[in-house]
Amino acid sequence: MNAQLSAFLLRLIALSTALLLSAAAQAAPALLIDGSSQRVEAWPSVTILPDESGETDITAAMAAADRFEPPRSAYATLGLRKEPVWLRIPIRWTGGGGPTWMLDIDYSPLNRVDAFLVREGRIVQQARLGNMQPFDQRPIPSRSHALPLELKPDVAYELYLRVQTQGAMILPITVMRPQVFHTEAMDEHILQGLLAGLGLCLVLYSLVQWWSTRESMFVKYAMLTSGSLMFSVVQFGVAGMYLWRDNLYLESHGAPLMALLAAGSTFLFVEEVLRGPGVSRYFTRIMYAGAAALFLTALLYALDVIHVHSVSRVIGTLGLLPALMGLPGAITRARRGDAIGWYFLVALARLLHLHRDHGRRDPGLHRRHAVDAACLPGRCHAGHGAVHARARPAHEGDPQRGAQRGARARHLRLDGPHRSVDRPAQPARPGRSARRRDGEQLARAPAGGLHDRSRRFQAGQRPAWPRARRRAADRSGPAAGSQLRSSDVVARLGGDEFVVTAAGLADERQARDLGHKLVEAFREPFVLAGQRQCQVGLTIGYVLVPVDGTDPVNLLRRADAAMYAGKQGGKGCVRRAETVAA
């Protein structure tokens, strides 16, 4: 008897639990709209029914209304799905404020949305939305997917939506008054215009910097910014509305391709900026391999060899790798007081904050722009960091590449107060062909291309010691060249004295740091003519323009005086002219 009673109670508990779960799964509050409502979020009232076969029509969906269940995913998103999904939203308008309401799904990349408004078991309104629908066939030719709904007061409606898309099924669904819809649409267009304009300015800035300096870092930064900018305008529907209206291929492929371009360019840019001490010895190889993998993925997707879900997995796997790989180098630079490290850390913090909140909070206006809010300051920080990177030595920790850059440094022969040398026959601001010719000549010259006045004399006209001293200066030139940038101007005044002009330094600290690095570079011993080991020293005097003046002759004289004061004070030091001119 007790066993039978226990079994009966267990069955009763199981049945009660099943009924409660079924009721909880099917119950969803109706979307109530009253006269005071302006904008109502529809997601709390949504229930879903996956269409595994892809053949469920509206009649079958209405017949299966009891099988719809509340979504178990994050708010307003169903993730990546290959199969279509039916959504059911019960709606009731209590009256007041007019019968016309706007249904808005503010996620432009959705490919196809079939909408059916049902009243008392009959379809009273239907339309097809989505970015695969030509603009002239959409109910509202807007950036988002919008449909006007005609409602009667105190009547129960059911809104069925069949959503099918290749990418993420993000569904920020709202019902609002027409005036609110148009106001939000105008605000969104203004915001997108501002963001796109600022992004375009960053692209043009980087291209101008590349044209003037020929630094590949600015090309990589332009690629990164262009990819991020285009991804944003595609994701928010601006590109499909203004740039390539009714181009179905770009509508379906544009956002993933731009995301891959931005991610691949991030690998290249971070590698260029943070290469040097404090990063792994495999840093460059890994970064180039990551960029190659992303660009190869873009090619395969452009040719329709792989599905967009594969693109999402690749970006999800490799997206944070540039930040993680560059983190040790950024921390090292930040500890040294290098601004590049701090710019990188701020951009990384914004990116990690975005990933932490993604998909977990209400995707309102500020949440839908979380990517822009995180990436735009990061792009500005990266651009500012690129300028500071150009102000530091060309390639710390990479002597071979630094020597090559030093060999390409532009040169200028100057007239100083103590020596006279011939000026070049070409104009003071040579054109591109002249600069290319100078570069080829410099690559063949000794000391990384530094001009030597004494080469005009015959070998027999000089004693052995000056020739040996000149060879020592020529031999130590590449070591100094590795600490200079391709935009720095280097000239030999004669004998063992040189002049370096370095534009773009932010402050005196950077000028002093550059001087100390040159001093350290000359302390490295070397073998002269395969005979014996030699070592030379370096003493530097420098001036700042225009702080210390603008007259070239006076500036050169003061720097020369500071250099001789440094020699008398013990050599191997860096002195600023104003300290000795007082």
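The values are calculated or read from the model by the stated rules, or taken from the named source; none is laboratory data. If you're wondering where the values come from, they're calculated on a predicted model, not measured in any experiment. Cβ atoms come from the backbone with ideal geometry, glycine included; neighbour counts cover every protein chain shown.
Filtered by the rule that a residue be within 23 Å of V118 (Cβ to Cβ), among the charged types (D, E, K, R) and assigned to a loop (DSSP other than H, G, I, E, B), region 129-151 gives a lone residue, R138.
Count of region 329-338 residues, restricted to those that are assigned to a helix (DSSP H, G or I) and closer than 16 Å to E272 by Cβ, is 3. Comparison of R275, R245 shows that the only residue that is at pLDDT below 90 and surrounded by fewer than 17 Cβ atoms within 10 Å (Cβ to Cβ) is R245.
Of all residue pairs spaced 6 or more apart or on separate chains, none has beta-carbon atoms under 6 Å together with a first member in region 257-268 that is farther than 17 Å from A302 by Cα and assigned by TED's automatic domain parsing to the domain that holds L320 and a second member that is buried (at least 24 other Cβ atoms within 10 Å of the Cβ) and of a type in the set (S, T, Y). Look at region 133-175 and say how many of its residues are in contact with an Asp or Glu (Cβ under 9 Å, 6 or more places away or on another chain), over 19 Å from S45 (Cα atoms) and surrounded by fewer than 17 Cβ atoms within 10 Å (Cβ to Cβ). So the answer is 3. Here is the figure for region 196-250: residues that are among the aliphatic types (A, V, I, L, M), closer than 18 Å to F269 by Cβ and over 16 Å from the mean Cα position of the chain (by Cα) total 1.
Please state which of the following conditions I58 fails to meet, knowing it meets all the rest: (1) over 30 Å from I315 (Cα atoms); (2) modelled with pLDDT under 90. It is condition (2) that I58 fails. Take E215 and tell me if it is among the charged types (D, E, K, R), within 19 Å of R143 (Cβ to Cβ) and in contact (Cβ under 8 Å) with a residue 40 or more places away in the chain. Here the answer is no, as E215 does not meet what is asked.
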